[in-house]
Amino acid sequence: MSDSLKNNCSNNTQVFVLFGATGDLSLRKIFPAWYQLQRAGLLAPTLKILAVGRNQSTSEQFRQKVSSALATFAPQSQKDIDTCQSLIDRIDYIQLELLESSDYIKLKSAVESAGAVATYYLATPPSLIEPICENLNKVGAVISTSKIVAEKPIGCDLASSKAINDKLAYYFDESQIYRIDHYLGKETVQNLIALRFGNSILANQWSHKNIDYVEITAVESVGIEDRWGYYDDVGQMRDMIQGHLLQLLCLVAMEPPAQLNAQSIRNEKEQVLQALRPISSGNIPDNVIRGQYGDGQCADGFVPGYLNEVGAKFQSETETFICIRAEIDNWRWSGTPFYLRTGKRMAEKVTEIVVHFKPDPHHVFDTDQKSIVRNTLIIRLQPTEGISLQMLTKSQGIEQGMRLRRDPLHLDFIESQQASRIPDAYERLLFEVLKGDQSLFVGRNEVELAWAWCDQVIGACDQSSQPLHPYPAGSSGPIEARQLIQKYGHQWYEDQ
């Protein structure tokens, strides 16, 4: 990290106010991310962290809770007692009734006593956004230098999204609002920008003229993890497609931004979302497959199906898997489909983008090898981050003749750059908030354009007669998802 970048975060005293500090997100992700930033020397000495929660607790008791969380969730190989203590010393705890405006006076006093620029991080349910913002405003704790960070979901449809954004906009300017999609903080997603716009060998190939189709996959082996009541109102479409996968699609498909700043990047992503072709109830079978996992075998043994989970409703039609064939109606991508796929209780946890390049029109090798003569770019976010370009080479040996095989040109960030670790997404996002850079955060228009498209797809699914396809837990999803992509002469990467 350059000295100028460090200094940019150090010039102003800042106080980070964490609402929902005792929650799972804060203890599992946010405090371990602060620890890594402390360990890297990226936090200004004056930075203070005010943890806000409803539970009765002293600051010392809460510091002990954070210390225990770091012992559990920070990597053992990177533990450092002095770093832990330095972070703990930054933390104070304030017990607050979130719906009681008079309680916010002590929070304002704590911020003012630090003489600091305040960032309010809402690690809370969306229903608390309005009362928290209103009460901060009532006591005068919202000023022009304040920032607010909102976690997803920003609504469950377009109408609720607009309502939440209206609440945020009433109290904060758009330049003060940081909407988190943690996928955008991943190192490999950042490398996607460098890969696309920093390498002419790829930039010159990046269109429908040379790319046959694109897969964007985010699947996981876990189920709903005792969240049946919440998840059944959301489903995989709202939980994953609207945010994570459409953001990845935008980064793959967008035009080069005029500058690498927040507004330029957001403008280009909005253009992609506006160009997404609508899906109607009449063509749902050609473009959408929805599924729901049943009983099956995973790595840990037998697991129950979705309808057999604790608290399940037997008649639920909520999808735990969805595959969408999306098309972008613009000059760059006309005729190139993007296959979006996400599901729970799959065989393994994988998040990756696979770009399939078109083969040369003239085939000079044996006819039986024609199906493999194409290059594939794999951009993997999970379980390990890296980029691999599948190239064709000759099989070694005199007896092999001119037999082809696929071999990877592989970029492993840890190995090639001799990095000790890949930063977690929350580390980068917290650091960007401190810098005041919104480039990795989602703008209001992006959120609402994504919801508008997803609402239309959800409505089309509701109107169609397509069934919910079952698949066993621990599998690769419904067989119909494979049949959908094969219908267009394509294959999932793992089937090749």
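The values are calculated or read from the model by the stated rules, or taken from the named source; none is laboratory data. Model, not experiment: these values are computed from the prediction. Quick reminder, even Gly has a Cβ in these numbers, built from the backbone with ideal geometry, and neighbours come from all protein chains shown. Protein only, heavy atoms only, side chains kept; ligands, DNA and RNA dropped before computing areas. Shrake-Rupley method; radii C 1.70, N 1.55, O 1.52, S 1.80 Å.
The residues in the stretch 311-330 that are within 27 Å of the chain's Cα centre (by Cα), open to solvent by 60 Å² or more (accessible area, probe 1.4 Å) and either over 28 Å from LEU246 (Cβ atoms) or touching a residue at least 60 places away in the same chain (Cβ under 8 Å) (or both) can be counted, and the count is 1. For the stretch 219-242, enumerate the residues that are more than 20 Å from ARG179 (Cβ to Cβ), assigned to a helix (DSSP H, G or I) and touching a Ser or Thr at 6+ places or on another chain (Cβ under 8 Å). Within the stretch 219-242, TYR231, GLY235, GLN236 meet the criteria. For the stretch 110-126, the criterion of a residue being closer than 29 Å to LEU42 by Cα, of a type in the set (Val, Ile, Thr), in contact with a Phe, Trp or Tyr (Cβ under 9 Å, 6 or more places away or on another chain) and surrounded by 15 or more Cβ atoms within 10 Å (Cβ to Cβ) is satisfied by at least one position.
Do we find a residue being under 18 Å from PRO478 (Cα atoms), of a type in the set (A, V, I, L, M, F, W, C), modelled with pLDDT under 95 and crowded, with 18+ Cβ neighbours inside 10 Å anywhere in the stretch 269-288? No - not one qualifying residue is present in the stretch 269-288. Can you confirm whether VAL288 is closer than 20 Å to LEU195 by Cβ and of a type in the set (A, V, I, L, M)? No, not satisfied. Within the stretch 277-291, residues that are farther than 20 Å from GLY489 by Cα have Cβ atoms under 6 Å from residues that are in a strand (DSSP E or B) in these pairs: ARG290/ILE322; GLY291/PHE321; GLY291/HIS469; GLY291/TYR471, counting only partners at least 6 apart in sequence or on another chain. For the stretch 243-255, the count of residues that are in a loop (DSSP other than H, G, I, E, B), touching a residue at least 24 places away in the same chain (Cβ under 8 Å) and either closer than 30 Å to GLY311 by Cβ or in contact with an Asp or Glu (Cβ under 9 Å, 6 or more places away or on another chain) (or both) is nonzero.
Going by the structure shown, is ASN191 within 30 Å of THR342 (Cα to Cα) and more than 27 Å from the chain's Cα centre (by Cα)? Considered against the rule, which asks whether it is within 30 Å of THR342 (Cα to Cα) and more than 27 Å from the chain's Cα centre (by Cα), ASN191 comes out as no. Looking across GLY223, GLY243, GLY235, one residue alone is buried (at least 17 other Cβ atoms within 10 Å of the Cβ), touching a helix residue (DSSP H, G or I) at 6+ places or on another chain (Cβ under 8 Å), of a type outside the set (Phe, Trp, Tyr) and farther than 23 Å from GLY386 by Cα. It is GLY223. Kindly provide the set of residues from the stretch 140-180 that are open to solvent by 20 Å² or more (accessible area, probe 1.4 Å), β-branched (Val, Ile, Thr) and either assigned to a helix (DSSP H, G or I) or under 24 Å from ARG428 (Cβ atoms) (or both), ordered by number. Result: THR145, single match. If you go through the stretch 360-385 and keep only what is at pLDDT 80 or above and farther than 16 Å from TYR183 by Cβ, you end up with ASN375, THR376, LEU377, ILE378. Taking strands (runs of 3 or more DSSP E) as the structural unit, those lying wholly within the stretch 1-120 and holding at least 1 residues that are over 20 Å from ARG428 (Cα atoms) and touching a residue at least 24 places away in the same chain (Cβ under 8 Å) correspond to 48-53, 91-95.
Only one entry in ILE143, ILE132, ILE193, ILE164 is among the β-branched types (Val, Ile, Thr), under 28 Å from VAL15 (Cα atoms) and in contact (Cβ under 8 Å) with a residue 60 or more places away in the chain, namely ILE132.
Among residues of the stretch 453-480 that are farther than 15 Å from SER316 by Cα and open to solvent by 40 Å² or more (accessible area, probe 1.4 Å), those with a Cβ under 8 angstrom from a residue that is part of a helix (DSSP H, G or I) and modelled with pLDDT under 95, sequence gap 6+ or separate chain, pair up as GLN463/SER281; SER476/GLU494.
Collect the residues in the stretch 34-49 that are under 16 Å from PHE19 (Cα atoms) and open to solvent by less than 10 Å² (accessible area, probe 1.4 Å), keeping them in residue-number order. The answer is TRP34, ILE49. All conditions in (1) modelled with pLDDT of 95 or more; (2) open to solvent by 70 Å² or more (accessible area, probe 1.4 Å) hold for GLN297, with the sole exception of (1).
Whether a residue is in contact with a Ser or Thr (Cβ under 8 Å, 6 or more places away or on another chain) and surrounded by fewer than 21 Cβ atoms within 10 Å (Cβ to Cβ) was assessed, and GLU348 passes this test. Looking only at residues of the stretch 481-496 that are at pLDDT 95 or above and of a type in the set (D, E, K, R), we find that the one that is surrounded by the fewest Cβ atoms within 10 Å (Cβ to Cβ) is LYS487.
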